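Comments concern the structure below.
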Amino acid sequence: MSGFSLAAAEVGAELPELLPEQIDRATLAAFAESYGDLNPIHLDPQAARAAGLDDVIAHGMLSMALLGRLLVEWAPVEDVLSFRVSFTAVTTVPARLRCTARIKAIETVAGGRAARLALAVRRVDGPLTVRGEALVRIPAAPAPGTRASSVRAPGVSAVASGPAAASAPVASAVVSAPAPASVSVPGSVAGGPAAGPASVASAAVSVPTPAVVSVPAPAAVSAPGSVPDRVPGSMPAVPVVPAPDPAARSA
């Protein structure tokens, strides 16, 4: 592990490079699927030749993503205050790409200092393909080799321009999907396919508890001199026998 620390670096210092990245057709297919850019000039040699190219070319945003990976190797993603690139040449495949970053100035920003970096992507055996610039907050304490979180912080901007940018929409390197909403459908089951490639859909089913119905017991009706009727579901009523009159017995 390199002993490099952005906190101790000075103007002119180079960020330690990552190993050159090998780009081939399989890389382009995987990136196209994950990023959502299925432009055939990146995947179909015939379509690329029809567009005036010799063969398929790499996505410009793939090169930008490689530069972003170099930045967050040495600074947390929340410390990347700005990040922009321009594309100077197309990248045909196969290719080995080398990403570099050099400190060209130290600036004062809210909350401390920041390093302005000159960025570049070039083929190991060929020309410069991407140049760019980033502003990265300098940490208060050295944290060599600390990897950044994968969550993009608010306020980070990413801009791409140049000939390769036309084949894909400009987007930040980190995609954040909103938290799924909880849908409650009384008495039914909710769900279904996701709304789109970058969306997450789910549903929580809530079945209400059935109400308890209470039926009052029928009232007992008594008529004078009569025996109360039997209440359904109860024991039969016992008849009442009047006691003999003593006066009648003596007579």
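A 1.4 Å probe over all protein chains sorts E73, E10, E133 by accessible area into E10, E133, E73, starting with the largest.
What is the ratio of the Cα radius of gyration of the range 1-78 to 2.2 N^0.38 Å, where N is its residue count, to two decimals? Walk me through the numbers before you get to the answer.
Details: Rg = 16.8 Å, N = 78, 2.2 N^0.38 = 11.5 Å.
In units of the 2.2 N^0.38 Å rule of thumb, it is 1.46.
For A13, the amide hydrogen comes within under 5 Å of the amide hydrogens of I103, counting only partners 5 or more places away or on other chains and with H modelled in the peptide plane.
Pulled fully out, how much extra length does the chain show between R69 and V11, if you take 0.36 nm times their separation in residues and subtract their Cα-Cα distance? Could you put the intermediate results ahead of the total?
Working: separation 58, 0.36 × 58 = 20.88 nm, distance 2.13 nm.
In short, 18.7 nm is gained.
In order along the range 75-92, the Karplus-derived 3J(HN,Hα) couplings, from 6.51 cos²θ - 1.76 cosθ + 1.60 at θ = phi - 60°, round to 8, x, 4, 5, 8, 7, 7, 7, 7, 9, 9, 9, 9, 9, 7, 6, 10, 7 Hz, and Gly and Pro are given as x.
Placing a label point 7 Å from the Cα of F4 along the Cα-to-Cβ line, the residues of the range 63-87 whose backbone N sits under 11 Å from it are 70-75. Ordering L70, T108, A140 by the projection of their Cα atoms onto the charge dipole of the range 62-146, which places +1 on the Cβ of Lys and Arg and -1 on the Cβ of Asp and Glu, puts L70 at the extreme positive end. The phi-based Karplus calculation (6.51 cos²θ - 1.76 cosθ + 1.60; θ = phi - 60°) puts the 3J(HN,Hα) values of the range 54-62 at 6, 6, 4, 10, 6, 5, x, 5, 5 Hz, whole numbers, x for Gly and Pro. Across all directions, the average projected area of the convex hull around the alpha carbons of the range 36-117 is 6.9 nm². Toward the positive end of the charge dipole of the range 1-98, about the Cα centre and with charges on Cβ (Lys, Arg +1; Asp, Glu -1), which of L38, S82, V56 goes farthest? Comparing the listed Cα positions along the dipole, V56 ranks first.
The values are calculated or read from the model by the stated rules, or taken from the named source; none is laboratory data. Everything numeric in this text was worked out from a predicted model, so none of it was measured. Counting neighbours? That spans all protein chains shown, and the Cβs are built from the backbone with ideal geometry, glycine included. Side chains included, ligands, DNA and RNA excluded: accessible areas come from the protein's heavy atoms. Shrake-Rupley method; radii C 1.70, N 1.55, O 1.52, S 1.80 Å.
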